[in-house]
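Just dropping this structure here.
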Amino acid sequence: MQFFTLYGFSPSGNCNKVQFVADYLKLDYKWVETDSIAGETRNENFLNKVNPAGQVPAVVFADGKKLAQSNAIVLYLAAESDLIPADDFERAQMLSWMFWEQYSHEPYLAVRRAKLKFKGKSEQDLDPSLLENGYAALELMERHLSGRNWLVGDEMSLADICLVAYSRFADEGGFDMSKFPGVCNWIDRVMTRLGR
Ligand SMILES: N[C@@H](CCC(=O)N[C@@H](CS)C(=O)NCC(=O)O)C(=O)O
């Protein structure tokens, strides 16, 4: 893997995913702190040179190629590593969790956390469906993880890293994690495997 620059905001789970994968795989990269809340992803320089969509994480490789979207970046960085199952069906299951994360998990857990923790909103300001849908995502994970160590197969995969990114901050989004002991144990397991 060639050297790359990773533009990321430290409190962002989407950015943490990329950092976790890059560090686990001991890749050679430079982190550039980019405060998305302060608007640093929306200036002309960032839009022209890094990501025209104005978001982090975003990666610029030594040869000038650019890539955005956390789950696409980790898939590229981890190609041919042990974070992607060798079995075709398990690989598809991993992708299934990663698509689910972006559509049915992150939009509730990450958004609720961002509003409460970074945007100064109070519980009363929030759309109640964020809590309802976030709890539905956590319940689905709790059921799936019963009797399993990892989301897919017998080893940690990108699915675990992508889902742990915001699950571990669920309490900051106002979710009562005492209802999800299986998810909490899995979070500890993934973070330990990542050496964090
Ligand atoms: N689906 C994208 C989401 C990226 C995203 O929402 N990034 C946020 C930080 S977590 C951001 O840069 N927001 C700034 C903005 O949209 O202006 C991914 O997974 O990378």
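Here, each number is a calculation from the coordinates, and none is a lab measurement. Here the structure is a predicted model, which is why all the values come from computation and not from measurement. Cβ placement follows ideal geometry from the backbone for every residue including glycine, while neighbour counts extend to all protein chains displayed.
Would you grab the residues whose amide H sits under 5 Å from the one on V32? Only those 5+ places off in sequence or on another chain, please, with H modelled 1.01 Å from N.
Result for V32 returns L6, Y7, G8.
Compute the distance in nm between two label points, each set 7 Å from the Cα along the Cα-to-Cβ direction, one at A53 and one at I37.
In this crude spin-label approximation the distance works out to 2.2 nm.
Moving on to the next point. Stretch L131-K66 to full length: gain in nm at 0.36 nm per residue minus the Cα-Cα span?
Taking L131 through K66 to full extension adds about 19.9 nm, to one decimal.
Tally Lys and Arg at +1 and Asp and Glu at -1 over the other residues with C-beta under 13 Å from the C-beta of D188: what net charge comes out?
+3
Once you've got the GNM for the chain with C-alpha springs shorter than 10 Å, pick whichever of V21, V152, V111 has the biggest mean-square fluctuation.
With Cα springs under 10 Å in the chain, the top fluctuation among V21, V152, V111 is at V111.
The chain: D in µm²/s via Stokes-Einstein (Kirkwood Rh, Cα pairs, 25 °C, 0.890 mPa s)?
141
Any idea what the relative contact order of the range 50-170 is, in percent, if you count C-alpha pairs under 8 Å spaced at least 6 apart?
Relative contact order of the range 50-170: 27 percent.
May I ask you to list the lysines whose Cα is less than 28 Å away from that of K26, ignoring any residue fewer than eight positions away on the same chain?
The reachable lysines, counting only those whose Cα sits under 28 Å from K26, are K17, K49, K65, K66.
Counting only DSSP beta bridges with both residues in the chain, tell me the antiparallel percent, nearest 5.
Of all bridge pairs located within the chain, approximately 60 percent are antiparallel.
Enter the mean projected area of the convex hull around the alpha-carbon atoms of the range 4-77, in nm², rounded to one decimal.
For the Cα atoms of the range 4-77, the hull's average projected area reads 4.4 nm².
Are there any helices in the chain, counted as whole DSSP H runs, that stretch 20 Å or more along their axis by Cα and score at least -0.5 on average by Kyte-Doolittle, and if so which?
128-145
Here is a further query. At 0.36 nm per residue, and after removing the present C-alpha to C-alpha distance, how many nm does the segment from N45 to E139 gain when stretched out fully?
29.7 nm
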